[in-house]
Amino acid sequence: MIIGGIERDFVVHDNDNVKGFFEEYRWLSNFHKAPVYFEGILYPSTENAYQAAKTEDYDTRFRFSIIEPSKSKRLSKELIEPDDWLSRKYDIMFMLCYQKFYRHKDLRELLLQTEGKYLEETNWWSDTYYGVCNGVGENNLGKILMDIRKLIRRNPAYKGFII
């Protein structure tokens, strides 16, 4: 698959897998614009909110709410992560992703349509905590999304639009 003008042969979109949140599966990415709240501020994407969660300073957090998702990643590099960040980051990501699919029915329906597919945040930027790079990684974002898919599927309130 051609991504960003470069052939990315590790991206696999088939009947069993979504490996790489690109092209028709870009909506699975945290960079996809789908507004979410975090501690009273509305952010344009889960990426913005997640990066803002690395600081307690309201003014700094607000800056994350008015920039593009890609800029939020760069801006977060200027922050000093809180001492407890490693113990909190998974839960924050889960909460933000759950909110993304709870708040946005169109995305929720698309997620349900991936039923049975393995979701993997395959990447080339060496994220081995939330994704997989060169076959190595924990794929925590993919696991979160598959767990959210199960939760939505099991919730009787969503029976009306299950595919």
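The values are calculated or read from the model by the stated rules, or taken from the named source; none is laboratory data. Please read all numbers here as calculations on a predicted model, not as lab measurements. With ideal geometry, Cβ positions are generated from the backbone for all residues, glycine too; neighbour counts draw on all protein chains shown.
May I ask you to list the residues in the stretch 105-118 that are in a helix (DSSP H, G or I) and surrounded by 16 or more Cβ atoms within 10 Å (Cβ to Cβ)?
Selection gives Leu107, Arg108, Leu110, Leu111, Leu112.
Go through the stretch 42-104 and tell me which helices (runs of 4 or more DSSP H), entirely inside it, have 2 or more residues that are crowded, with 19+ Cβ neighbours inside 10 Å and among the aliphatic types (A, V, I, L, M). Let's see the steps before the verdict.
Working: elements: 46-52, 58-64, 69-76, 85-103.
Of the helices (runs of 4 or more DSSP H) lying wholly inside the stretch 42-104, those with at least 2 residues that are crowded, with 19+ Cβ neighbours inside 10 Å and among the aliphatic types (A, V, I, L, M) span 46-52, 85-103.
Within the stretch 119-149, how many residues are loosely packed, with under 15 Cβ neighbours inside 10 Å and assigned to a strand (DSSP E or B)?
1
Going by the conditions given, is Tyr37 within 25 Å of Asn134 (Cα to Cα) and not in a loop (DSSP other than H, G, I, E, B)?
Values: within 25 Å of Asn134 (Cα to Cα): no; not in a loop (DSSP other than H, G, I, E, B): yes.
In short, no.
Of Ile148, Ile152, which residue is modelled with pLDDT under 95, of a type outside the set (D, E, K, R) and under 18 Å from Trp27 (Cβ atoms)?
On the way: Ile148 fails: modelled with pLDDT under 95.
Just one listed residue meets the conditions, Ile152.
Listed here are the residues, each with its yes/no results for (1) under 22 Å from Gly137 (Cα atoms); (2) over 14 Å from the mean Cα position of the chain (by Cα); (3) in contact (Cβ under 8 Å) with a residue 40 or more places away in the chain.
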site: Gly20; (1), (2), (3): yes, no, yes
site: Pro35; (1), (2), (3): no, no, yes
site: Ile41; (1), (2), (3): no, yes, no
site: Gln51; (1), (2), (3): yes, no, no
site: Phe62; (1), (2), (3): no, yes, no
site: Ile67; (1), (2), (3): no, yes, no
site: Ile92; (1), (2), (3): yes, no, yes
